[in-house]
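Inspection log for the structure reproduced underneath, given as structure tokens.
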Amino acid sequence: MAGFLDRAKEQAQRGLTQGKQKLDDVQAQRAGGDLLKKLGAAYYAERRGSGTPEATQQALQALESHIAAHGDAFLHS
């Protein structure tokens, strides 16, 4: 009986770990999408004359940092 409970506990732990990883991936994709929107908004504002090149550069750097940390999968979904 103890072996069964150990296996069940292992399987539950594995499921929790996989679920957390999936949640982290989804959150990283959302954050990447948000940063991409901010970059687009900064670029648009700059082109319209109400934004600054510095704001666009900051948005680009934030996006590049996110890509370095989490990859660019959100760009392909």
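The values are calculated or read from the model by the stated rules, or taken from the named source; none is laboratory data. All of these numbers come straight from a predicted model, not from anything done at the bench. Positions of Cβ are backbone-derived with ideal geometry, glycine not excepted, and every protein chain shown enters the neighbour counts. Each accessible area value is taken on the protein alone, full model and side chains, heavy atoms only, with ligands, DNA and RNA left out. Shrake-Rupley method; radii C 1.70, N 1.55, O 1.52, S 1.80 Å.
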Looking at the stretch 7-26 only, could you name the residues that are more than 21 Å from the chain's Cα centre (by Cα) and open to solvent by 90 Å² or more (accessible area, probe 1.4 Å)? Arg7, Lys9, Glu10, Gln11, Gln13, Arg14
Filtered residues of the stretch 37-60 (kept if open to solvent by less than 100 Å² (accessible area, probe 1.4 Å), of a type outside the set (Val, Ile, Thr) and assigned to a helix (DSSP H, G or I)): Leu39, Gly40, Ala41, Ala42, Ala45, Glu46, Pro53, Ala55, Gln57, Ala59, Leu60
Checking the structure you have, find out if any residue of the stretch 63-77 is modelled with pLDDT under 95, open to solvent by 100 Å² or more (accessible area, probe 1.4 Å) and more than 10 Å from the chain's Cα centre (by Cα). yes
Flag if Gly32 is open to solvent by less than 40 Å² (accessible area, probe 1.4 Å), among the small types (Gly, Ala, Ser) and modelled with pLDDT of 95 or more: yes
Mind counting the residues in the stretch 42-68 that are under 24 Å from Val26 (Cα atoms), among the hydrophobic types (A, V, I, L, M, F, W, C) and in contact (Cβ under 8 Å) with a residue 12 or more places away in the chain? 5
